Amino acid sequence: YKSREIERRSLDVDGLKRSFLEWLVYSVGKDARAATRRDWFHTVALAVRDRLVDRWMDTTRTYYQQDAKRVYYLSLEFLIGRLLTNSLANLGITDQCRQALDRIGLNLDDVVEAEPDAALGNGGLGRLAACFLDSMASEALPGYGYGIRYEFGLFEQRFEHGWQVEYPEQWLQFGNPWEFPRPEVLYPVQFYGRVEEFRDSVGERAYRWVDAERVLAMAYDTPVVGYGGDTINTLRLWSARATRDFNFGHFNDGAYMKAVEQKVLTENLSRVLYPNDATEGGKELRLKQEYFFTSASLQDILRRYLQHHSNFDSLPDKAAIQLNDTHPAIGIAELMRLLVDQHGVTWDKAWDITRATFSYTNHTLLPEALEAWPVRMMERVLPRHMQIIYEINAKFLNRSKARAAGDNARLSRLSLIDERGDRRVRMGNLAFLGSHKVNGVSALHTELMKQTVFADFHAEFPERINNKTNGITPRRWLHQANPPLAALITSRIGNGWIKDLSQIKALAEKADDLVFREEFRRAKRKNKKRLAAYIARQTGVDVQVDSLFDVQVKRMHEYKRQLLNILQAIALYNEMRDNPTVSWVPVTKIFAGKAAPSYHMAKLIIKLINDVAKVVNHDPSVHDNLKIVLLPNYNVTAAEIIMPAADLSEQISTAGMEASGTGNMKLALNGALTIGTLDGANVEIREHVGEDNIFIFGLTAEEVNDLRASGGFNPRDVIASNPSLKRALDMISTGVFSPDDPHRYHPILQALTDGGDHFLVTADFSDYCQAQQAAMDLYRDQEEWTRKAILNTANMGWFSSDRTIMEYATEIWDVHPVKPEHPA
Ligand code: 26M
């Protein structure tokens, strides 16, 4: 027994090896000869998990004993990816684990490949939440993530005849070794029913929610290992369970099958992640998901608080709740309900507590993405919350009326209810009103928030809006994803950068060092070879490792303008064919990204890229100087291969539309040069890397705004005056890329012409092509290109999510690092 205990903690090679063999036999239940790669993954993960548990409990106990102020990050999405490499690296036992596996005749890299990619998110918003978890743990902040344990993550994308087809993503199929089910941590969550008014003990009007349906939320905990392994925080994800009493009623009626059916329906609540990125669906199940996880999280937060306190006065001193977009914004009404209805706090006091506890991050200005739930639906699903929202609104509008002085248009814009058409609850307005701080995710985005969606609220509460420019974790996005470059950096400046990315600045002086440049190029080339092999495996296309790797990886969306990129590719293809004797810079255009299943235009753009790729890649007249690939099923694991291998980073959204971007940061940190518009965090990337080391083109956000306002833009004129654009569009419209269906791309051509080209693809085309030409010209001078690439890496330190999270901690949450205490 004693030796078993030591075995579960040992961090040396022998101890790890013994642990692996023991886990394989006694927990996975396999013989070493019969074990599959997946068995070994589970074995290693379980043995590594053992090494977390003591420190995890130490961390949790220390927070409890010190009654530390905690921050709760409520997010409908956590795009985590794989955890094995991450856990090993943060624990600092990667080498020991590799050697232990060597001795069993196994390769760590193969074992790592058997882990499914946890894709509990759509894109930027979900990945940001995952980077924040890593940073909170690494900065020793008492931070908890709360979300949903979806049984199916974001769909798996395949291409069939060039079209996107979606398949269910079954990440839990073979079990999840990282999670700890907590069947005893169970909270009831209610839906439907009605509200009854009654008189409380002192004769005041009070309300209770009755005849509601009940669902249980069951917790699953995943440890979040900080860098160095000292702090281990918790990600708590909720899973829906049917209540038992509910089923027994039916059982006694003999309606057994009905009861089981009901149970399945109830548990559908946490079945699947909605695959929308920036379009509001208005679906009832989505609203129920939002309330389900928010209510369970708040009940859990209050339970924890009440372990040390007997009233709610100091809740804001002990808990900060961050709303990741408006998805958990119903939490404002829910906390009011819990305080007023369940705990007898007066309305005004409850409101002060609520506002002091919540803060809200906005991630998009796109009007179609701003959540607005139909009042009729909200009244049915959450009747008491609807009342509370009306009450909050009435009190607020009453107060504002005095200042609005008869400006009814202004009052109706401030209202929590959109009264135009079917009445809707504006979740952004609720989140703003119920929070003490509201932040944007880049400097430009935050300014635009003040000028557009929240202009009226900003006038009313000028101190509330603040900026927190996004960041990325250097652990996953440089240390783990890019071993050759990480090793090179460490060889010159030590490994302090992993924990404090600002130290990477010291590389800047190496940009003029010929030997360092040579080594930097060698690291990049290694990564490009790895990506080339991945491309060949995934698509069958062979690409030249020494070509310019031009990368656009992100969700497929018209505002992100993959269309602009593919049009430039067609123009380049034409130039190459027209001038076969010119010595062209070989270019490989790499795309990856998923389209929302119902977003037809985005899916058509995917088909276009695949169609163009097929023609270009098989045309001998371009002599392999241009290859185009669209990699299927972009996810965190694919990103870890792609980011380190890029030469050029495409960040070409219509200015004013990309809130921040975070792929832009991953690529620049890994030594790619950016070609981009002055949008989102690109503006700040330019400030940090220097304008000589980035290719900026296109209209600014202000120019876009003016152009749209004046209505003075005719895409047909622009097309007519640009022969290479006209030719590219003509090729698409005459079926050069779709001989089987020449009219296939009519909707795209329509949008670019009669449709008014809302995303200004034609308007920016010529400037974009010039910037592309500048990039290709520079790439001929490998020394100069490498110098700029090094300066990008060296100047990206500020974009660490550690910096971002410490700004949240000090300026919004008022939470402080707490060092875990380890008992002797
Ligand atoms: C809405 C309705 C139904 C289902 C899903 C949604 C939905 C899901 C995700 C709506 C929006 C979603 O995310 C928006 C988002 O990802 N925004 C991105 O946030 C990043 C992190 O701040 C920024 O870097 C990106 O610029 C921004 O687009």
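Calculate, for the range 487-801, the solvent-accessible area per residue in square angstrom, rolling a 1.4 angstrom probe over the heavy atoms of the protein chains.
Per-residue accessible area for the range 487-801 comes out at 36 Å².
Pull up all non-local amide H partners of residue 587: gap of 5 or more, or a different chain, and H-to-H distance under 5 Å with H placed in the peptide plane.
Excluding prolines and chain starts, which carry no amide H, the hits are 548, 626, 627.
How much net charge surrounds residue 208 when only other residues with a Cβ under 9 Å from its Cβ are counted (Lys, Arg +1; Asp, Glu -1)?
Net charge in that neighbourhood comes out at -2.
If I model a spin label as a point 7 Å beyond the Cα along the Cα-Cβ vector, how far apart are those points for residue 621 and residue 260 in nm?
6.5
Take the alpha carbon atoms of the range 344-414, find their center, do the same for the range 1-70, and report the distance between the two centers in whole angstrom.
If you average the Cα positions of each part, the centres end up 48 Å apart.
With every protein chain left in place, what is the accessible area of residue 657 in Å² (1.4 Å probe, nearest 10)?
Ignoring ligands and nucleic acids, residue 657 comes out at about 30 Å².
Please identify the DSSP H helices in the chain that span no less than 27 Å along the helix axis (Cα) and have a mean Kyte-Doolittle hydropathy of -0.5 or more.
Long hydrophobic helices here: 284-306, 761-780.
When you count, for each residue, the other Cβ atoms within 10 Å and take the mean per peptide, how do 192-201, 441-450, 509-518 rank with the highest first?
Most protected by this proxy first, the peptides run 441-450, 509-518, 192-201.
Label residue 687 and residue 559 with points 7 Å out from Cα along Cα→Cβ: what is the distance between them in nm?
Here the answer is 2.1 nm between the modelled labels.
Residues of the range 321-362 with backbone nitrogen within less than 13 Å of a virtual label 7 Å along the Cα-to-Cβ line of residue 463, please, listed as ranges.
Residues passing the 13 Å test: 356.
Given a 1.4 Å probe and the protein chains all in place, what does the accessible area of residue 40 round to, in Å² to the nearest 10?
Roll a 1.4 Å probe over it and residue 40 shows about 10 Å².
Any chance you could check the Cα centroid distance between the range 579-643 and the range 690-739 for me, in angstrom?
Computed from Cα coordinates, the inter-centre distance equals 20 Å.
Ordered by packing density, taken as the mean number of other Cβ atoms within 10 Å over each peptide's residues, highest first, how do 749-756, 466-473, 103-110, 66-73 rank?
Top of the packing list down: 466-473, 66-73, 749-756, 103-110.
With all protein chains present and a 1.4 Å probe, how do 641, 605 order by accessible area, largest first?
641, 605
Pull out the extension gain between residue 303 and residue 182, defined as 0.36 nm times the separation in residues minus the alpha carbon to alpha carbon distance; nm, one decimal.
Length gained between residue 303 and residue 182: 42.0 nm.
Per 0.36 nm of contour for each residue apart, how much would the distance between residue 348 and residue 204 grow if the chain were fully extended, relative to their Cα-Cα spacing?
50.4 nm
Sorted by accessible area (1.4 Å probe), largest first, how do 803, 355 line up?
355, 803
Between residue 575 and residue 38, 0.36 nm times their residue separation minus their Cα-Cα distance comes to what?
Between residue 575 and residue 38, full extension yields an extra 188.4 nm.
Taking only C-alpha pairs under 8 Å that are 6+ residues apart, what is the relative contact order of the range 487-801 in percent?
The value is 23 percent.
How much of residue 237 can a 1.4 Å solvent probe reach, expressed as accessible area in Å² and rounded to 10?
Residue 237 has an accessible surface of roughly 10 Å² with all protein chains in place.
Taking every DSSP beta bridge that has both residues in the chain, what percent is antiparallel when rounded to the nearest 5?
Taking every DSSP beta bridge within the chain, about 45 percent pair in antiparallel fashion.
If I model a spin label as a point 7 Å beyond the Cα along the Cα-Cβ vector, how far apart are those points for residue 705 and residue 54 in nm?
Using points 7 Å along Cα→Cβ, the separation is 5.8 nm.
Quick check on the chain: helices-only [θ] at 222 nm, where DSSP H runs of length 4 and up contribute -39,500 (n - 2.57) each and the sum goes over total residues. Nearest 500, please.
For the chain, the value works out to -14000 deg cm²/dmol.
Tell me, what is the percent relative contact order of the chain, built from C-alpha pairs under 8 Å that lie six or more residues apart?
Taking the mean separation of contacting Cα pairs over the length of the chain, I get 14 percent.
Students sometimes get this wrong: rank 340, 202 by accessible area, probe 1.4 Å, all chains present, largest first.
202, 340
With just the Cα atoms defining each centre, how far is the range 271-330 from the range 753-824? Give it in Å.
Rounded to whole Å, the Cα centres lie 30 Å apart.
Take peptides 398-406, 569-577, 731-739, 123-131 and line them up by average Cβ neighbours within 10 Å, highest first, as a rough protection proxy.
Listed from highest to lowest mean packing, they are 123-131, 569-577, 731-739, 398-406.
The values are calculated or read from the model by the stated rules, or taken from the named source; none is laboratory data. Computed from a predicted structure; not experimentally measured. Quick reminder, even Gly has a Cβ in these numbers, built from the backbone with ideal geometry, and neighbours come from all protein chains shown. All accessible areas refer to the heavy atoms of the entire protein, side chains included, with ligands and DNA or RNA removed. Shrake-Rupley method; radii C 1.70, N 1.55, O 1.52, S 1.80 Å.
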